[in-house]
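The values are calculated or read from the model by the stated rules, or taken from the named source; none is laboratory data. As the structure is a computational prediction, the values presented were derived from the model and not from experiment. Here Cβ is always computed from backbone atoms with ideal geometry, including for glycine, and neighbour counts include all displayed protein chains.
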Amino acid sequence: MVIDRSGLAEFLRRRRESLQPEDVGLARGNRRRTSGLRREEVASLCHMSTDYYARIERERGPQPSEQMIASIAQGLHLSLDERDHLFRLAGHHPPTRGAAGDHISPGLLRVLDRLDDTPAEISTELGETLRQSPLGVALTGDTTRFTGPARSSGYRWFTDPSSRQLFAPEDHAFLSRMYAGGLREIVALRGRESRAAQLAELLLGRSEEFRRIWDDHEVGIRPQEVKRFVHPELGRLELNCQRLIDPAQSHSLLVYTAVPGTESYEKLQLLAVIGTQPLPRRPRP
């Protein structure tokens, strides 16, 4: 496929000018005169330099890579049809749609953008975190940083002992069964050639615990209503988890809340203040 530079530039300009800051979770400001988003705002949303993005809109520079186009599609909150159109304009074949995709729907992103005061995350069916709210990062750490199989929370559970420190020890056995049973269901749903099946094969080779639980063939183990976290600064928090599912992409928006008036609620309020900063240590007497 050949890049359509003028079509790509015009599509990006029109899309940028049609968006308002509040559409993508940005503050408008009191002295704003620009119609739509500024180029530097789009570049920040897409995790690239303003100069690089501006050159694309000006029909200059090298052909953007598929990774760059995917970042632009996500940053501009494009629908799947718009994303596919953008890929074709850039001279690339669109990614395959379905459960394996990482592109988050605009509707799910708009909900997440309004959850600055609540721990929340968007993840795939394999437990790969795609986006977190600021308070979500404060609660669980930045779980978008992982690469390869370690992107999956279930894979980390069985291969990285430190991943279990965030959860109450009395829940570990249940969570092991839930991760293994959930993966077995996804393998049956997606097939033997799926990424889920590849993940299961990796775990069978790396974890004796996973092999033992996998052999039990358990399915239908659903998350408990209350999740018990052990935060490194605040200690135990008991949080309810609500799940909003996007059936087109098999993505889930997970939102964590605490019952008002409880100790966990007070700790969540404190977490919103301290964010990812450690609490000051009291001097020893």
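So which residues in the stretch 234-249 are touching a helix residue (DSSP H, G or I) at 6+ places or on another chain (Cβ under 9 Å) and assigned to a loop (DSSP other than H, G, I, E, B)?
The answer is LEU234, ALA248, GLN249.
Give GLY25, GLY29, GLY75 a once-over and let me know the one that is within 22 Å of LEU253 (Cα to Cα), surrounded by fewer than 17 Cβ atoms within 10 Å (Cβ to Cβ) and among the small types (Gly, Ala, Ser).
GLY25
Quick test for you: out of GLU201, GLU209, GLU193, GLU185, pick the one residue that is surrounded by fewer than 19 Cβ atoms within 10 Å (Cβ to Cβ), part of a helix (DSSP H, G or I), without any contact (Cβ under 8 Å) to a residue 12 or more places away in the chain and of a type in the set (Asp, Glu).
Working: GLU209 fails: without any contact (Cβ under 8 Å) to a residue 12 or more places away in the chain; GLU193 fails: part of a helix (DSSP H, G or I); GLU185 fails: without any contact (Cβ under 8 Å) to a residue 12 or more places away in the chain.
Going through GLU201, GLU209, GLU193, GLU185 in turn, just one is surrounded by fewer than 19 Cβ atoms within 10 Å (Cβ to Cβ), part of a helix (DSSP H, G or I), without any contact (Cβ under 8 Å) to a residue 12 or more places away in the chain and of a type in the set (Asp, Glu): GLU201.
Could you tell me which of the residues ILE104, ILE69 is part of a helix (DSSP H, G or I) and surrounded by 17 or more Cβ atoms within 10 Å (Cβ to Cβ)?
Testing whether each residue is part of a helix (DSSP H, G or I) and surrounded by 17 or more Cβ atoms within 10 Å (Cβ to Cβ) leaves just ILE69.
Among the residues of the stretch 124-147, which ones are out of contact with any Lys or Arg (no Cβ under 9 Å at 6 or more places or on another chain) and assigned to a strand (DSSP E or B)?
Answer for the stretch 124-147, where residues must be out of contact with any Lys or Arg (no Cβ under 9 Å at 6 or more places or on another chain) and assigned to a strand (DSSP E or B): LEU130, ARG131, GLN132.
Sort out which residues of the stretch 110-132 are in contact (Cβ under 8 Å) with a residue 40 or more places away in the chain and either of a type in the set (Val, Ile, Thr) or in the same structural domain as LEU26 (by TED's automatic domain parsing) (or both), and write them in order of number.
VAL111, THR118, ILE122, THR124
Only one of (1) in a loop (DSSP other than H, G, I, E, B); (2) in contact with a Lys or Arg (Cβ under 7 Å, 6 or more places away or on another chain); (3) at pLDDT 95 or above fails for VAL259. Which number is that?
(2)
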